[in-house]
Amino acid sequence: MPQTAAPVTAIAATTLADLGWPQLVEHWAARCASTRGAAAVRGHVFYDDAAEARTRIAEVAEARDLAARDAALPLGGIEDVAGAIERVRKAAALDAPELLAVAGTARAVTRLRAHLRQHAEIAPRLAGLGAELADLGHLFHPILEAFDPDGRLVDHASDALGPLRRALAGIRGQLDKRMDTLVGDPRFAPYLQDSFYTQRDDRYVLPVRHDGKGFVKGILHGTSGSGQTLFIEPEEIVDLNNRLKLAECDVLDEERRILAKFSGWVAEEADAIDVGVVVAEVLDVIAASARLADDLVASAPIVDDAPRIGLLHARHPLMLLSDRRCVANDITVAAATTLLVSGPNAGGKTVALKTSGLAALMVRAGLHVPAESGSVMGWFDDVRTDIGDAQSLERDLSTFTGHVLALRTFLTECGAGTLLLIDEIAVGTDPDQGAALAQAVLEALAARGVTAIVTTHYERLKAMGAVDPRFANASVGYDLQRMAPTFKLHLGTPGSSGALTVARTMGLPGPIVERAQGLLGEAGANVELLLERVADQRRRLEEERALQLDELEALEAERMALRADRDRHRARAEKQAAAAYGEAMTSLRQARAEAEQVRAELRRKAAEAKVTAEDVQQARRKLAGVGAEVARHQPARGLPPGRAPRDGELVPGTPVILTGLGGRGEIVAAPARGRVEVRLGAMHTTVPLDEVLLDIHRKAGAGAGGGGRGGEAARDRGAAAIQVEPDGGAAAGGPAVALVEGATDGKAGARTPDSTLDVRGRRVDEAVDELDRFLDESLLLSRDAIFVVHGHGTGALRTALRTHLKGHAAVARWRAGEAGEGGDGVTVVVLKA
């Protein structure tokens, strides 16, 4: 029956020292922004409750997320002002540096408060911690504004301070002027030690030679070190010196009054400042934890209530922080089981041991662990270690007796919930007896439910991992080709100690190594050889796996590069298409203007009865040129897939793809003389057979414009065709395009947001301009019809728009909307093909 370990409030100092925890704490503290935060880290107490640790781990994750978004917690400017706050609580006045420190801290706390509120959705837990922070702008603004960059009160700090300082400066100026005069006065000049004046006891004095003391009347303020110079305040300036002293006292009194007033303000907000400093300290510790995690490339562990270890690609944090090569390892230990790690010396057994112990402590401290995402670390109430030489001359302990004393303590105090880390158990004595003792101790600890990692060279212990489910084997690898350890931890198999191999590598004479191998016996040598071969085979498999992973990564990188290249080409094509669209719109407007000019010229001549056949031919040629210019700028369309038709497949109603016109259509009549009549939207035309493909994605009977065949046929029956022949007359077999003006029933295609223009609320001139632009765009996009929403109102806007549409070159006809289309508040415009 597993026995529960006694609850602990702290981890033993020997454990912390064995694992290197103090060094990690120093790295952690160095990343704090304030002295209070660093002190809090150094005095940090491990959490006794897993829920508290999970909360802190989540808070650290939020701080890392903020930093990744370039919104790290702003913790600069926070100072330790606890002493100053304690003094103002006792009605003491603070000096200028203390007030500046308090005001700067208040400003930093207010900035932190605003930052947390701004990012509350991203970091709700941190925002919750900052909920108690107060806005102290009313406190720090006037205080900071009252000081200059050198920490001196500015003249406008109060109404009286400026005038008092100016009065003081005036008196000092008078004194300087008067002293300059006295220095050059013939009565005093012969008796002066030098041609200057100075101050003693904050009063202006002359340096008089000892033999001239009777010739300068005044007050003696002292002598030089040699006694040859007397510092005398001339009686002519005594009154000015007195006035200067009084003016200085007035200025000092006013400055003390201002500082006292500011100190009173601080006292009123003492509680809010105290809360702010405490919260800022906590946030500083969290931010430092986040920076440490980023530097370690750590992840938030899954904290399990069960005392188990499931670390993925774990690295030793101190090795990472010191920029030493560190091999990542998976470390798995089930609850209440012991992992027996074997393998050659200097192969990484102790590193794996310490990595696990530090990870357990980091979880207890609420830190992220240097392992991959998805790593699990169970909750350990206590962590115990026996690492290194336990020898002590002062205590008269040998290596073995020191280890035995540690084992005795473990058997007494460790139980379920304890992580026990033992490096080289029961060494320093007879190997057979040591191995037997180690087995007995480990079995007893397993019975108590202890979770442990133990390194060993004992074959007896390696065998336990194969027969007792409470134990599992692991080994560190050794490269037989390079004769060097790989530092890779392999779970599930024991490892060879490789003593003879290492001895041969280190240059021990071959005959001695061979003699040692013979003394080992055939069975022992075979076991060692088998373990070495297993390790070598595993190494080869891992190398092959690594090569395959490298190839996969290379393929993935190539795929990403191709995708990036494709995206660049697509972006370039979109940019070119946008440029072409702009050019096409410009050409379209110009073409429309030219067409309007042609029509106007024809109307003018028609009105004068001067229209000739040559005028009509010339107008047709100009219109054909306009159409060609528009077609030149029409963007290329991607066509759906199709196939060449077979004989007899092109029957009326067959859906086809028209490669020359760039769209989908329907066969209207059977082919004749290498050409076939098709319908494309509202347009009928005759095209060569080699420009027709069968549309394999549409069934016969589906309309080319998206409607049914019957509806299209109904339109065709009421259509009025206008022939446009570019050469002035339709030659036999020449190209002729029939433009169908529209259906007599007035039906248009389905109304969509893309085909609708809403001009309600616009002035007439604005609405007409928008309509022209929309017509241009619709022509470019090959729309059959558009819907103009103008509303009912007074009817002025409707009348103006319809009048404009009557003479527009792009409009085949227009009509009022039907009941289901918006009635007379909508005008349906059918465009010319």
May I ask for the distance between the Cα centers of segment 400-450 and segment 787-815, given as a whole number of Å?
98
Give me the number: length gained by fully extending GLU459 to LYS213, i.e. 0.36 nm times residue separation minus the C-alpha to C-alpha distance, one decimal in nm.
78.2 nm
Residues ALA466 and LEU144, FRET efficiency given R0 of 51 Å [Cβ-Cβ distance, rounded to 0.05]
0.10
What does the charge count near PHE46 come to, summing +1 for each Lys or Arg and -1 for each Asp or Glu among other residues with Cβ under 12 Å from its Cβ?
-3
Expressed per residue, the solvent accessible area of segment 410-474 in Å² (1.4 Å probe) is about 35
Nonlocal amide H pairs with ARG308, under 5 Å, H built at 1.01 Å:
GLY378, TRP379
Label points 7 Å out from Cα along the Cβ direction at SER226 and GLU372: separation in nm?
8.5
Quick one: length gained pulling LEU508 to ALA578 fully straight, 0.36 nm per residue minus the C-alpha distance?
17.4 nm
Note, ALA444: beta-carbon cut-off 12 Å, +1 each Lys/Arg, -1 each Asp/Glu, net +2
Whichever aspartates and glutamates have a C-alpha closer than 17 Å to that of LYS462, once near sequence neighbours (fewer than 8 apart) are set aside
ASP423, GLU424, ASP432, GLU443, GLU528, GLU532
Amide H proximity to ASN473 below 5 Å, modelled H, separation 5+ or other chain, gives LEU340, GLY492
Two-site FRET efficiency, GLU268 against ALA306, from Cβ-Cβ distance with R₀ of 60 Å, rounded to 0.05
0.70
Kirkwood calc, segment 79-176, C-alpha pairs only, radius in angstrom 16.1
Shape descriptor, segment 180-284: equivalent ellipsoid semi-axes (Cα gyration tensor, sqrt 5λ, whole Å, largest first) stand at 51, 16, 10
Projected label distance in nm at LEU252 and ARG172, using a 7 Å step from Cα toward the beta-carbon:
1.4
Within segment 285-425, what whole-number % of the accessible surface is contributed by carbon and sulfur, with the 1.4 Å probe and all protein chains included in the calculation?
52
Of all DSSP beta bridges located in segment 281-424, what percent are antiparallel, nearest 5?
50
Put a dot 7 Å past each Cα toward the Cβ at VAL297 and LYS806; how far apart are the dots in nm?
7.8
Would you tally the net charge around THR110, using a Cβ to Cβ cut-off of less than 12 Å, leaving THR110 out, and scoring K and R as +1, D and E as -1?
+2
Of the accessible area of segment 45-122, with the probe set at 1.4 angstrom, what percent is carbon plus sulfur?
49
Using θ = phi - 60° and the Karplus form 6.51 cos²θ - 1.76 cosθ + 1.60, what ³J(HN,Hα) does each residue of segment 26-41 get, whole Hz, x for Gly and Pro?
5, 4, 5, 5, 5, 9, 7, 8, 10, 5, 5, x, 4, 5, 5, 5
Grab the beta carbon distance between ARG545 and ALA68, set R0 = 25 Å, and tell me the FRET efficiency rounded to 0.05.
0.20
Whole Å is fine, so just give me how far the alpha carbon centre of segment 338-382 lies from that of segment 312-331.
10
In whole percent, the fraction of accessible protein surface over segment 226-281 that belongs to carbon or sulfur atoms, probe radius 1.4 Å, stands at 54
Ignoring ligands, DNA and RNA, what accessible area per residue does segment 67-209 give at 1.4 Å, in Å²?
53
One finds the C-alpha centres of segment 78-157 and segment 644-667 to be spaced, in Å, by 79
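The values are calculated or read from the model by the stated rules, or taken from the named source; none is laboratory data. Everything quoted here is computed from the prediction, not taken from an experiment. Note that each Cβ is placed from the backbone with ideal geometry, even for glycine, and that neighbours are counted across all protein chains shown. When the accessible area is computed, the model is the full protein with side chains, heavy atoms only, and any ligands, DNA or RNA have been set aside. Shrake-Rupley method; radii C 1.70, N 1.55, O 1.52, S 1.80 Å.
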